[in-house]
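*Asks:* Here you go, one structure.
Just so it is clear, none of the values below were taken in a lab; they were calculated from the coordinates. None of the values given here were measured: they were computed from a predicted structure. Because the Cβ atoms are built from the backbone with ideal geometry, glycine has one as well, and the counts that use them run over all protein chains shown.
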Amino acid sequence: MEWSELEDLKIRMRDFARRRDWEQFHAPKNLVMALAGEAGELIEHFQWLSERQSEELDARTLEQVASEIADIQIYLVRLADRLGVSIADAVEAKVLENERKYPVERVYGDSRKYTEYGPQE
């Protein structure tokens, strides 16, 4: 399974890199490091904000945050492409795993990690 928008982006970014001879720089290791850097840039926008402020970004900051989110998505798509990982399949598997680990009736209103709940009855 693949989401058509992600598939289109994957192809577009692969072509973007190939046309510039950048495949040589897009080893998974490099893409992961670039992804971490972009995540850090996203964090900078929120670092000293209160929870309320983080929900009420001004237009300029929101535009900058959107740009960082785009960078992160692009690097994720490139990484998945280079590793042959289907993002759609990986997300579906993770959602199913989280539904199993965090059943509504057990975790409703509680943010603890699944390992803190003890054995399921």
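*Asks:* Among [x] 1.56; [y] 1.11; [z] 1.34, only one was calculated for this model; which label is it, if the read-out is Cα Rg over 2.2 N^0.38 Å?
*Replies:* Answer by label: [z].
*Asks:* Between 0 and 90 degrees, rounded to the nearest ten: what's the tilt of helix 59-83 against the longest Cα principal axis of the chain?
*Replies:* 80
*Asks:* Assigning unit charges at the beta carbon (Lys, Arg +1; Asp, Glu -1) and nothing else, what dipole magnitude in debye, to the nearest 20, does the chain show about its Cα centre?
*Replies:* 520
*Asks:* Could you tell me the distance between the Cα centroids of the range 81-96 and the range 1-36, to the nearest Å?
*Replies:* Comparing the Cα centres of the range 81-96 and the range 1-36, I get a distance of 15 Å.
*Asks:* Straight-line reach from Lys101: which lysines fall under 22 Å, measuring Cα to Cα and dropping same-chain residues less than 8 apart?
*Replies:* Correct list for Lys101: Lys113.
*Asks:* At a threshold of 8 angstrom on Cα-Cα distance, excluding pairs fewer than six apart, so keeping six or more, what relative contact order does the chain reach in percent?
*Replies:* Relative contact order, the chain: 39 percent.
*Asks:* Let me ask something additional. I'd like to know which of Ala93, Pro103, Asn30 lies farthest towards the positive end of the charge dipole of the range 4-107, counting +1 on Cβ of Lys and Arg and -1 on Cβ of Asp and Glu.
*Replies:* Asn30
*Asks:* Additional query: On a full-extension model of 0.36 nm per residue, what is the gain between Gln73 and Leu49, subtracting their alpha-carbon distance, rounded to one decimal in nm?
*Replies:* Fully extending the segment from Gln73 to Leu49 adds 6.3 nm.
*Asks:* Sorted from largest to smallest, which semi-axis lengths in Å does the alpha carbon gyration tensor of the range 68-121 give for its equivalent ellipsoid, taking the root of 5 times each eigenvalue?
*Replies:* With the √(5λ) rule applied to the range 68-121, the semi-axes are 31, 13, 9 Å.
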